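The values are calculated or read from the model by the stated rules, or taken from the named source; none is laboratory data. These numbers were taken from a predicted model, which means no experiment stands behind them. Cβ atoms come from the backbone with ideal geometry, glycine included; neighbour counts cover every protein chain shown.
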């Protein structure tokens, strides 16, 4: 399954840290890239540096027209999921979500009502207010583990650094 995140409504002065964490979570949990509906080059730079430092082929693409991106995605056979606390609860719909190509919309500010209509699935993680970063992590984990892949065991190649798991202290080695 190919997974791309569309970060919608990023506000440069307010959402830099959360949007960076959405991207880092997406990268670590198996998404191939993130489309950023913003002119914030700092987010793009930060996430590209993480991929260079830690490996993998995650990309960030800044866009100016989210409607065109969704339309092009769907025209190429992809499906779209919108993460919202108002959607169907994830455990109730997880087995219905199995496209080859999936775009996950993660809003920053209030998303346009049109997103609810464009989405193939409006999905909630718990139907309670909480972090979009947490919701994305849970969704990416569930999507992949229900299909036999463990996103926590992804091997990232090509990085300059590698974390060595250690119960007592931080250990990072150069590759």
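Residue 126 - would you say it is closer than 22 Å to residue 27 by Cβ and outside any helix (DSSP H, G or I)?
Details: closer than 22 Å to residue 27 by Cβ: no; outside any helix (DSSP H, G or I): yes.
For residue 126, the condition - closer than 22 Å to residue 27 by Cβ and outside any helix (DSSP H, G or I) - is not met.
Scan 62, 53, 27 and give me the residue that is within 23 Å of residue 109 (Cα to Cα) and surrounded by fewer than 17 Cβ atoms within 10 Å (Cβ to Cβ). Reasoning before the result, please.
On the way: 53 fails: within 23 Å of residue 109 (Cα to Cα); 27 fails: surrounded by fewer than 17 Cβ atoms within 10 Å (Cβ to Cβ).
Sole residue among the options that is within 23 Å of residue 109 (Cα to Cα) and surrounded by fewer than 17 Cβ atoms within 10 Å (Cβ to Cβ): 62.
Quick one: in the stretch 1-16, of everything that is under 14 Å from residue 132 (Cβ atoms) and at pLDDT 90 or above, which residue is surrounded by the most Cβ atoms within 10 Å (Cβ to Cβ)?
Going through the qualifying residues, I end up with 7.
How many residues are surrounded by fewer than 12 Cβ atoms within 10 Å (Cβ to Cβ) and either out of contact with any strand residue (DSSP E or B) (no Cβ under 9 Å at 6 or more places or on another chain) or under 18 Å from residue 36 (Cβ atoms) (or both) when one looks only at the stretch 73-90? Give the derivation first.
Step one: of the stretch 73-90, the residues surrounded by fewer than 12 Cβ atoms within 10 Å (Cβ to Cβ) are 75-77, 86.
Narrowing further to those that are either out of contact with any strand residue (DSSP E or B) (no Cβ under 9 Å at 6 or more places or on another chain) or under 18 Å from residue 36 (Cβ atoms) (or both): 75.
Residues in the stretch 73-90 being surrounded by fewer than 12 Cβ atoms within 10 Å (Cβ to Cβ) and either out of contact with any strand residue (DSSP E or B) (no Cβ under 9 Å at 6 or more places or on another chain) or under 18 Å from residue 36 (Cβ atoms) (or both): 1 in total.
Scan (1) farther than 30 Å from residue 14 by Cα; (2) surrounded by 13 or more Cβ atoms within 10 Å (Cβ to Cβ); (3) modelled with pLDDT of 95 or more for the single condition residue 145 breaks and write down its number.
Result: residue 145 fails condition (3) only.
Keeping to the stretch 31-46, report how many residues are modelled with pLDDT of 95 or more and either under 18 Å from residue 155 (Cα atoms) or surrounded by fewer than 18 Cβ atoms within 10 Å (Cβ to Cβ) (or both). First the steps, then the outcome.
The initial filter retains those residues of the stretch 31-46 that are modelled with pLDDT of 95 or more, namely 31-35.
Filter again for either under 18 Å from residue 155 (Cα atoms) or surrounded by fewer than 18 Cβ atoms within 10 Å (Cβ to Cβ) (or both), leaving 31-33.
Going through the stretch 31-46 one residue at a time, the tally reaches 3.
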